[in-house]
Every structure is written in structure tokens, then in C-alpha cells.
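The values are calculated or read from the model by the stated rules, or taken from the named source; none is laboratory data. Please read these numbers as outputs of a predicted model, since none were measured by experiment. Ideal geometry is used to build each Cβ from the backbone, glycine not excepted, and the neighbour counts take in all protein chains shown.
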Amino acid sequence: MQEDYIMSGALYDHIMKQRREAEEFSKQPGCFMGMMPHPSETKYWSQRVPTGTLIEYKRIELEETAYYITADKTSKSYARTLDFEAWSDEKIEAHIERMCA
């Protein structure tokens, strides 16, 4: 466990908001929505978002979205050739829009 892991308040709030939304949505008959791990799961979060910031979390999510959309639309091997880490947020967002069109 990463006891020295420090999560920003913004990331904590984001996680807890998603968890509340999932809980409420799942109360509806026939509905289910997965929850992010609780912020106290520091082993998970220290690996997922090493800096503990909402900015890093959103960037990771953006890169992963671009990768999986590209992989689904083309191939995993092609998606792996794209260096999303080096792309700006704007370039990734435009790429996602093109892939979804």
C-alpha cells in the first residue's frame, strides 16, 4: 500500500462524484454502472495516477480514449504507433472526433 501517496482534493472530489452517480444510477431497475475504486485504495491510485492530480488523471483518460477508439476503428498495432503522449490535448481531441465521425 502507498501510505505516502497524496491525492489532490480535486481528484478525490472527482472520484467521489463518479461513485455517487454510479450508486444513484444503479438504483434504477435493470441499470448498473461501475464505480471507480474508492480514494482510500491508494495502491490502485498511486499506480493509476502517480502525481495524484486531476490534471494527470484527465490526461491519462484522454490518451486511453484515443488509443481504444483508434484500435477499434483501425487496429491495435496502428494505435500503438501513434505517440499520444507527445500530442497536445487539442490534437488528441481532434483525433478522437475524426475517429468517431
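Odds and ends about this structure:
- Checking each residue in the stretch 20-34 for being of a type in the set (D, E, K, R) and surrounded by 10 or more Cβ atoms within 10 Å (Cβ to Cβ) picks out Arg20, Glu21, Glu23, Glu24.
- Any chance Gly52 is under 25 Å from Gln18 (Cβ atoms) and within 16 Å of the chain's Cα centre (by Cα): yes
- Qualifying residue in the stretch 57-68 (condition: surrounded by 11 or more Cβ atoms within 10 Å (Cβ to Cβ), assigned by TED's automatic domain parsing to the domain that holds Leu11 and charged (D, E, K, R)): no
- With respect to the conditions (1) closer than 19 Å to Lys17 by Cα; (2) at pLDDT below 95, Ala101 falls short on a single one, namely (1).
- Taking the criterion of being over 15 Å from Glu90 (Cα atoms) and either in contact with a Lys or Arg (Cβ under 7 Å, 6 or more places away or on another chain) or β-branched (Val, Ile, Thr) (or both), the residues of the stretch 39-65 that qualify are Thr42, Val49, Thr51, Thr53.
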